[in-house]
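None of the figures in this text is laboratory data; all of them are computed from the coordinates on show. Note that this is a predicted model, so its numbers are computed, not measured. Don't worry about glycine lacking a Cβ; one is built from the backbone with ideal geometry, like all the others, and counts go over all protein chains shown.
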Amino acid sequence: MKNLYSEKEARVFARRYRPADLARRLYTSRLLGGDPRLVLHGGGNTSVKILIEDGAGEKIQVLRIKGSGRDLAAIEPADMPALGLAPLAGLRARKRLSDSQMIDALAAARLTAGGPAPSVETLLHAFLPAKFIDHTHANAVLALTDQPDGRALCARVFGSRAAIVPYFRPGFDLARSAARQFEANPGIEGLILLRHGIVTFGETAQQAYGRMIDLVSLAEKYLAPGPKRVFAAARLPARLLPQARVAPILRGCLAAGERAPMVLDFRTDRMIRAFVDGRDLARYGRAGLATPDHLIRIKAKPLIVPPPEQGREDKFRAAVGRALKRYVAQYDAYFTRQDKRQGAGKIPLDPLPRVILVPGMGLFGAGRGAREAGVAADLARANLEIITHAERIGKFRSISEKQAFAVEYWSLEQAKLGDRPELPLAGRVVVITGGASGIGRASALAFAAEGAEIAVLDLEAAAADRVAADVGGLGLACDVTRPGDVAAAFDRVCAHFGGIDIVLSNAGRAWQGEIGTLSDGVLRESFELNFFAHQSVAQNAVRIMRAAGNGGVLLFNASKQAVNPGADFGPYGLPKAATLFLMRQYALDHGKDGIRSNAVNADRIRSGLLTEAMIAERSRARDLSEARYMSGNLLGREVTAEDVAQAFVALAKAEKTTGAVLTVDGGNIAAALR
Ligand code: ZN
């Protein structure tokens, strides 16, 4: 592990932030946060003790410590609440301190209003005298501590440079034990927290950081030699299903029985494959987590499924269903057992896994949104790596089930997840064709505002990417008139999010010409985009929704032309009329699959690059005055792309509606459906 400290960089921070100690604290915190081998996603914490003058002119010692759940990689002063050190250090003399007493003490010591709560490991920082303290969950250190003889091994590797602290849940007991170790060994550079992580300290930010790098490097050096192959390989089927086919099956099983849908995030590489392909995966794969810090996000155990054999999807789906049922039963049993034994009286969390291991393939992180799934996948990968290292030098051993429960169901850990109200379409994946502009773009924004994950398909990759960036989604180039393109794009969406729940078939364009003299080519070209493309989009949606087995939603952008033809708009109206019936045919044939199929009949849209309907209407109304155009509907009100987008969202949520057309045109009796 390389020491990245640069005095030049540190001075840049010192110019930007005050006081200088805090500036240097931020600098090395970000160095630690930038290395995934040290901390991941809000893990780890750092602090600095600073002497300041209070309002009365008295000098007081202040502890600036990372706020709970804040990310070291991007830490700012506002992420480090200030606490008076004296009242916290005074707690060191106590023998016992309950959680609620600790929370009260932390609240009472705060010197600044607002901002995040201080880290749950604040007392550890307060009880140690050093000015700068760094704490990480370094992979290499955990590979040593997570062993049956972790203590002896660490004593050998770190010698007199670090003292060893037995496992305690973060809080008063851990802080007290750490302080005792420090007081008994004043010359040490750091503390090894068994089955948890490592702490280093120093009188300067550079010293504390340098010691972290040094001690972690000692652990890395110890792990480096040894056999390359750690796990004996299992026999796998010769041909496996592709990942894009596996993901919807897994995701479908997770959401079966009307459970809230989750998003998946896939990871694979040589290390992950060696792990999931191992013959004894059932043992080491379910041996627990490397650090309690990850428990609240990915639970102690992953779901392990059999290898997905090519051509046997039904067998695989059934096996996943059985494995999941077993997983849920075991989680429920674990909760009941420990809740009773510890007299905790807690409410169980949902019993679903957050990590799925697939032999022959890799790992999936699962979460209620793409971000959460990504965090789960990152933490899972780190755990696989630590377990691999631990098994190379011995046997991986995690904390006990009792200890895991005490962390997973600790209110201060659960608080890290926050309790933001969940949005109505959280966990749903929406595909929008023609998503880069007009109604497509407005719909991408509207579905994202409801919490859905968005895939934007458009002819141009750059345009799709722009909208995708706005909604934190996936942008893909796709010519919907080429069935191969459509199938590939839908597979990419599955590979990225794990499946598809809602498809808005929106791409279209208006052609015109007098029907009696029209060239055949124009009509056929229009049918390709305005009818056949809708069919190929819907077919691919059905393919994926059926694999998941939880139904889905098809939405079509129909046009007023499908109901009320305009003069010279035959090339546009004819395929749109066919598409309206296509919508009904899907409702009829796939209601049994739980797939709903609906359309919006939009007209006289007045915003942005408003696609076919607008172009058509404009051309038709060429000779009419702008004023007449604007008031050309019964309500005399402007209809926007956003209005149409809201209609699509409403249809997506209307769980008992299929085969319906929703009209959004401000009122046009000639185009009313009857
Ligand atoms: Zn920790």
**Request:** Per DSSP H run of at least 4 residues, take -39500 (n - 2.57); add these up for the chain, divide by its residues and hand me the 222 nm value, nearest 500 deg cm²/dmol.
**Result:** -13500 deg cm²/dmol
**Message:** What distance in nm separates the two pseudo spin-label positions at residue 283 and residue 268, each 7 Å out from Cα along the beta-carbon direction?
**Reply:** 2.6 nm
**Message:** Taking the alpha-carbon distance from residue 560 and a cut-off under 17 Å, which lysines remain once sequence neighbours fewer than 8 residues away in the same chain are dropped?
**Reply:** 576
**Request:** Show which lysines lie in cross-link reach of residue 656 when reach means a straight Cα distance below 19 angstrom and same-chain residues fewer than eight apart are skipped.
**Result:** 592
**Complete:** Quick calc, residue 401 & residue 86: beta-carbon distance into FRET formula, R0 45 Å, rounding 0.05, result 0.70
**Request:** Provide the FRET efficiency to the nearest 0.05 for the residue 99-residue 314 pair, computing r from the beta carbons and using R0 = 45 Å.
**Result:** 0.35
**Gained length - residue 460 relative to residue 416, 0.36 nm times residue gap less alpha-carbon distance** = 11.8 nm
**Message:** Under 5 Å between amide hydrogens, which residues at least 5 positions from residue 454 or on another chain qualify, with H placed 1.01 Å from N in the peptide plane?
**Reply:** 430, 474
**Asked** Which cross-chain or sequence-distant (5 or more) residues have an amide H under 5 Å from the amide H of residue 360, H modelled 1.01 Å from N in plane?
**Response** 277
**Message:** Checking the cross-link filter: which aspartates and glutamates have an alpha carbon closer than 17 Å to that of residue 416, excluding same-chain neighbours under 8 positions apart?
**Reply:** 71, 79, 99, 121, 293, 350, 372, 408
**Item:** trypsin sites (Lys or Arg not before Pro) within segment 1-33, DSSP loop, no more than 15 other Cβ atoms inside 10 Å
**Value:** 2
**Whole-Å distance, taken between Cα centres, linking segment 557-584 and segment 1-63** = 64 Å
**Asked** Can you give the relative contact order of the chain as a percent, counting alpha carbon pairs under 8 Å and 6+ residues apart?
**Response** 10 percent
**Fill in**
Output ordering of 277-284, 174-181 (per-residue mean of other Cβ within 10 Å, highest first) is 174-181, 277-284
**Item:** Sequence of 217, 559, 398 once ranked by neighbouring C-beta atoms within 10 Å, starting from the fewest
**Value:** 217, 398, 559
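Roughly what % antiparallel, to the nearest 5, for the DSSP beta bridges in the chain? All intermediate terms of the calculation are to be shown ahead of the outcome.
Details: 36 of 72 bridges.
Restricted to the chain, the bridges split so that about 50 percent are antiparallel.
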**Item:** Kirkwood hydrodynamic radius of the chain, Cα pairs, Å
**Value:** 28.0 Å
**Asked** So which trypsin sites (Lys or Arg not before Pro) in segment 423-516 end up in coil per DSSP with only 16 or fewer other C-beta atoms within 10 Å?
**Response** 509
**Other-chain or far-sequence residues with amide H under 5 Å of residue 115's (modelled H)** = none
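R0 = 35 Å: FRET efficiency of residue 78 with residue 638, Cβ-based, nearest 0.05?
Here the calculated transfer efficiency is 0.25.
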